[in-house]
1. Answer yes or no: is there a residue in the stretch 221-228 that is modelled with pLDDT under 75 and either under 16 Å from residue 54 (Cα atoms) or within 22 Å of the chain's Cα centre (by Cα) (or both).
2. Enumerate the helices (runs of 4 or more DSSP H) found wholly within the stretch 284-397, keeping only those where 1 or more residues are under 19 Å from residue 162 (Cα atoms) and either without any contact (Cβ under 8 Å) to a residue 40 or more places away in the chain or touching a helix residue (DSSP H, G or I) at 6+ places or on another chain (Cβ under 8 Å) (or both).
3. Is it the case that some residue within the stretch 53-64 is closer than 19 Å to residue 322 by Cα, at pLDDT below 70 and part of a helix (DSSP H, G or I)?
4. If you scan the stretch 140-180, which residues turn out to be under 14 Å from residue 387 (Cβ atoms) and free of Cβ contacts under 8 Å to residues at least 40 places away in the same chain?
5. Of 250, 180, which residue is surrounded by 15 or more Cβ atoms within 10 Å (Cβ to Cβ), at pLDDT 60 or above and out of contact with any helix residue (DSSP H, G or I) (no Cβ under 8 Å at 6 or more places or on another chain)?
6. Taking the stretch 398-407 on its own, how many of its residues are surrounded by 14 or more Cβ atoms within 10 Å (Cβ to Cβ) and either without any contact (Cβ under 8 Å) to a residue 24 or more places away in the chain or on the phi > 0 side of the Ramachandran plot (or both)?
7. If I filter the stretch 126-134 for residues that are within 22 Å of residue 61 (Cβ to Cβ) and crowded, with 22+ Cβ neighbours inside 10 Å, do I get at least one hit?
8. Report whether or not residue 339 is out of contact with any strand residue (DSSP E or B) (no Cβ under 6 Å at 6 or more places or on another chain) and at pLDDT 90 or above.
């Protein structure tokens, strides 16, 4: 409904026509019409379908290049430390652990990556995704006290993931608990040994005509030749996944804006379990843990929420962000489907188990809270220094190590 400029009705974006008061951006929500909501839901459905199509484009390109060439492309990640750093840098660069994890699971589904090689990349993605909320906290630099509280809240996300990634990485190198758990769950659901995933076969039947028309045996092959078409198909598939995840995230953020804010306000601080549940549901709704964690920062900056109330929601966000990986794995057809499911389950198992451990073990929770608060106090002493440390930790140092390793090998 269009607001009329009359004395009996307030102007859009104001609360009173005589003494207008602007509504803060984080409190101003657009009331969508039924048609508007339908269009956005259709966009979400189209993005999901595009993501499935992109997975099969990657498969098509990988088959055209040949397994030997594709394996050489991932040789760098066979070193677990380098794989971990690749996950950090890739996620920090594109600002989406969901995308990096989905691409990694898709690579496992093509046979290009073994589960053991994919695991460090997935763990690294968990660290890389914490950069977003740290960057958002710099929006509070106008007030040193608010910046300190916002940065501390954002640091809870970073501290939690760094601590548990270090622990999980060490344990995995020694005893492989995540891989064994993923294999156990996968075999329980899909049976022993390589097995077809029925969902993947159904999707394959629906999408095959499109892939045959567009892929290396279709338009791309005719225009670029087999080798060029294979490279372009892989690159195009990766690009479509990136765009699809962004579209899903943005559309769901609008569709669920008022609901997620209400859920966040009512559940935060009520109980740890409810906070974790709300964080998971909100993240599943907006398809981005970074959005959920960043939305907490204004509450922390204004002391509306205490750090111990923020932490369970962050834990839930880490659980909620695992939804896309199994979705991608279920799209993988044939015998590689169960292997892709194992890679996806590693992501789920790591985030669920680590979140539960923090909730159930008070010393672990105290450690995360202490690390977050110390980070906030240190960052508040110098904005430039804080920004430099962040850039070095997420990009400069990891890239330097990767480059050095490449030159040596």
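1. Within the stretch 221-228, none of the residues are modelled with pLDDT under 75 and either under 16 Å from residue 54 (Cα atoms) or within 22 Å of the chain's Cα centre (by Cα) (or both).
2. Values: elements: 289-301, 307-320, 324-330, 337-360, 362-380, 383-391.
Of the helices (runs of 4 or more DSSP H) lying wholly inside the stretch 284-397, those with at least 1 residues that are under 19 Å from residue 162 (Cα atoms) and either without any contact (Cβ under 8 Å) to a residue 40 or more places away in the chain or touching a helix residue (DSSP H, G or I) at 6+ places or on another chain (Cβ under 8 Å) (or both) span 289-301, 307-320, 337-360, 362-380, 383-391.
3. The answer is yes, given that some residue of the stretch 53-64 is closer than 19 Å to residue 322 by Cα, at pLDDT below 70 and part of a helix (DSSP H, G or I).
4. none
5. Values: 180 fails: surrounded by 15 or more Cβ atoms within 10 Å (Cβ to Cβ).
Selected residue: 250, the only one of 250, 180 that is surrounded by 15 or more Cβ atoms within 10 Å (Cβ to Cβ), at pLDDT 60 or above and out of contact with any helix residue (DSSP H, G or I) (no Cβ under 8 Å at 6 or more places or on another chain).
6. Within the stretch 398-407, residues that are surrounded by 14 or more Cβ atoms within 10 Å (Cβ to Cβ) and either without any contact (Cβ under 8 Å) to a residue 24 or more places away in the chain or on the phi > 0 side of the Ramachandran plot (or both) number 0.
7. Taking the stretch 126-134 and keeping what is within 22 Å of residue 61 (Cβ to Cβ), we get none.
There is no residue in the stretch 126-134 that is within 22 Å of residue 61 (Cβ to Cβ) and crowded, with 22+ Cβ neighbours inside 10 Å.
8. No, not satisfied.
The values are calculated or read from the model by the stated rules, or taken from the named source; none is laboratory data. Note that the structure is predicted; figures quoted are calculated from it, not measured. Because the Cβ atoms are built from the backbone with ideal geometry, glycine has one as well, and the counts that use them run over all protein chains shown.
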